[in-house]
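For reference, the structure is listed below as structure tokens.
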Amino acid sequence: MTFANIEYLFLLILLIPYIAWYILRRKKTEPSLQISTTRMYLNAPKTWRNYMMHAPFLLRIITIIMIILILARPQTTDNWQNSEIEGIDIMLAMDVSTSMLAEDLRPNRIEAAKEVATEFINGRPNDNIGLTIFAGEAFTQCPLTVDHAVLLNLFNGIKCDIAQKGLIEDGTAIGMGVANAVSRLKDSKAKSKVIILLTDGSNNRGDISPSTAADIAKQFGIRVYTIGVGTNGTAPYPMPTYAGVQYVNVPVEIDEKTLTEIAGATDGNYFRATSTDKLKAVYKEIDQLEKTKLNVKEFSTREEEYQIFAIIAFICILLEIILRNTLLKKIP
């Protein structure tokens, strides 16, 4: 057991003058009767009241001790333990262009990507993970954090309608997506820094080319894993019309050459996911590739342990009041 406010224990020293005061005061205030001799009282039997007369004072001393211990905040905690965990810094860069609404993955590309990435995040509780989203522009949806509840809340709110509604420019700025993620990782002190970029198209927007972004990532020791998502050939795409949603087959155009070059330049890998199951397999493979051993010190959460001292103090106060007003009551 430890004490959060151990300095309060010095108050126990005040009990010494208090006890001395009690002894001196008792000698002066104790009633007396002058008689010629006390010989006749030598063999007089002592009742239990003689032994209990100091009980209220003793109970008060115990109460004061308990209150001081409560003020010192007694706590229990485990000892520090060295343990080995696996943790890295990861930025997820996800394409949110309108083409991600294609339904060759179920229910569509963006929702399938969110579902699989959520499983990936939940499987890596020790990692700092952040999120970048991009279409014709790129911005950070969530900076690096170990608070995965906040990350997942922001992650689940991703929709492709931000480009569809014109809030950002539509298109696919792969270079901007990589560059934005690099800006969040460049100052990281982690031994392993990773970007997982997912897109379903080819770079057609942005001020930074994919090759330039890859070179910047390489300079900062960041590996980029690229994922091209989409089936081969054509994919059904929901097209809103006055008569309702109509599905048209659109060609799947993924610039695999560029994605492969980005991954190769940064010592990463390129993966092609033509179905939800294959996308899950891709994230599992990345999960196995990116494991870093870290030595950390762990300790359990401290718990306040004042309750037993409060109960003892309450019982002592109650007993003192009862004894002073019943069995040990004095008549003036």
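Values quoted throughout were computed directly from the atomic coordinates according to the rules given, and no laboratory measurement underlies them. This is a predicted model, so every value here is computed, not measured. Virtual Cβ from ideal backbone geometry, glycine too; neighbours counted across all protein chains shown.
Testing the spin-label approximation: label points 7 Å from Cα along Cα→Cβ at Ile322 and Lys280. State their distance in nm.
6.5
Taking other Cβ within 10 Å of each residue's Cβ, how do Thr266, Thr98, Thr241, Thr212 sort, fewest first? Present the calculation step by step, with values, prior to reporting the outcome.
Numbers: Thr266 26, Thr98 16, Thr241 9, Thr212 13.
Ordered by Cβ neighbours within 10 Å, fewest first: Thr241, Thr212, Thr98, Thr266.
Residue separation times 0.36 nm, minus the C-alpha to C-alpha distance between Ala4 and Phe220: what's the value?
Length gained between Ala4 and Phe220: 73.5 nm.
Where Rh denotes the Kirkwood radius from the mean inverse Cα pair distance, what is Rg over Rh for the chain? Walk me through the numbers before you get to the answer.
Numbers: Rg = 37.0 Å, Rh = 25.8 Å.
When Rh is taken as the Kirkwood radius, the ratio is 1.43.
What is the distance, in nm, between label points placed 7 Å from the Cα along the Cα-to-Cβ direction at Ser202 and at Leu154?
Once both label points are built, they end up 3.3 nm from each other.
Run the quick spin-label model on Glu169 and Asp187: label points 7 Å from Cα toward the beta carbon, then report their separation in nm to one decimal.
Result for the modelled spin labels: 2.7 nm.
If you take every residue apart from Leu167 with its C-beta less than 11 Å away from the C-beta of Leu167, what net charge results, scoring Lys and Arg +1 and Asp and Glu -1? Don't jump to the answer; show the numbers that get you there.
Details: positive: Lys159, Lys165; negative: Glu137, Asp161, Glu169, Asp170.
With Lys, Arg at +1 and Asp, Glu at -1, the neighbours total -2.
Report, to the nearest 10°, how far helix 109-122 tilts away from the longest principal axis of the Cα atoms in the chain, using its own Cα long axis and a range of 0 to 90°.
Relative to the chain, helix 109-122 is tipped by roughly 30 degrees.
Report, in whole Å, the centroid distance computed from the Cα atoms of region 161-195 and region 224-295.
One Cα centre to the other: 16 Å.
Take every DSSP beta bridge with both residues inside region 85-295 and express the antiparallel ones as a percent of the total, to the nearest 5.
Of all bridge pairs located within region 85-295, approximately 40 percent are antiparallel.
Given a 10 angstrom Cα cut-off, can you work out which residue in Leu279, Leu12, Leu151 is the most mobile in a GNM of the chain?
Taking springs between Cα atoms under 10 Å, the residue moving most is Leu12.
Using only helices, what value at 222 nm comes out for the chain when you add -39,500 (n - 2.57) per DSSP H run of length 4 or more and divide by the total residues, to the nearest 500 deg cm²/dmol?
That comes out to -12000 deg cm²/dmol.
Val178: net charge of surrounding residues, Cβ under 14 Å, Lys/Arg +1, Asp/Glu -1, itself excluded?
0
List nothing, just return the count: lysine pairs in region 56-213, 8 or more apart or interchain, with Cα separation under 27 Å.
So the count works out to 6.
Where Lys and Arg each count +1 and Asp and Glu each count -1, what net charge lies around Ala135 among other residues with Cβ under 12 Å from its Cβ?
On the way: positive: Lys159, Lys165, Arg205; negative: Asp95, Glu137, Asp161, Glu169, Asp170, Asp200.
It works out to a net charge of -3.
Report the gain in length on full extension from Val250 to Arg60: 0.36 nm times residue separation, minus Cα-Cα distance, nm rounded to one decimal.
Between Val250 and Arg60, full extension yields an extra 59.8 nm.
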